[in-house]
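Note sheet for the following structure.
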Amino acid sequence: MPLKVKRVYEPAAKADGLRILVDRLWPRGIAKEKAKVDLWLNEIAPSNTLRKRFHAKPETWDEFLKAYAVELKSDAVAEAAKELRRQIRKGTVTLLYAAKDEEHNNAVALKAWLTRRSRK
């Protein structure tokens, strides 16, 4: 699966393929033109409640992963998840996020979830 994860503040590259922002809120301090976002799937981002809970307690990463996986299976997210899988089938996709933590963020969690589902 040609799927990458990258911080939205990093420069765009040809190797990124389709650049999809997967945050609920637009990243602070970056213009839409500079971000080079091809698609913004804010519906696939964690709910505001889950996002705020994890932000307040980043040490709860494992709990966040489980709760986010439940949200990703919900009807509210189904259409965005289908669209993301459609785009991945077409070619390389880079999931963009704004968080400073490069190892513990919703894009990393989303990539892991998608990878697990593609193996099934």
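The values are calculated or read from the model by the stated rules, or taken from the named source; none is laboratory data. Here the structure is a predicted model, which means the values were calculated and not measured. Here Cβ is always computed from backbone atoms with ideal geometry, including for glycine, and neighbour counts include all displayed protein chains. Only protein heavy atoms, including side chains, enter the accessible area calculation; ligands, DNA and RNA are left aside. Shrake-Rupley method; radii C 1.70, N 1.55, O 1.52, S 1.80 Å.
Filtered by the rule that a residue be outside any loop (DSSP other than H, G, I, E, B) and of a type outside the set (S, T, N, Q), region 98-120 gives Ala107, Val108, Ala109, Leu110, Lys111, Ala112, Trp113, Leu114, Arg116, Arg117, Arg119.
Counting the residues of region 86-111 that are farther than 16 Å from Arg51 by Cα, of a type in the set (Gly, Ala, Ser) and surrounded by 19 or more Cβ atoms within 10 Å (Cβ to Cβ) gives 0. The set of residues from region 52-85 being open to solvent by 50 Å² or more (accessible area, probe 1.4 Å) and within 18 Å of Val5 (Cα to Cα) comprises Leu65, Arg85.
Here Pro2 meets the list (1) touching a residue at least 24 places away in the same chain (Cβ under 8 Å); (2) under 11 Å from the mean Cα position of the chain (by Cα) almost entirely, failing just condition (2).
Counting only helices (runs of 4 or more DSSP H) that fall entirely inside region 1-97 and contain at least 3 residues that are touching a helix residue (DSSP H, G or I) at 6+ places or on another chain (Cβ under 8 Å), the qualifying elements are 48-56, 61-72, 75-90. For Ile30, the conditions (1) closer than 22 Å to Ser118 by Cβ; (2) at pLDDT 95 or above; (3) of a type in the set (A, V, I, L, M); (4) surrounded by fewer than 16 Cβ atoms within 10 Å (Cβ to Cβ) all hold with the exception of (1).
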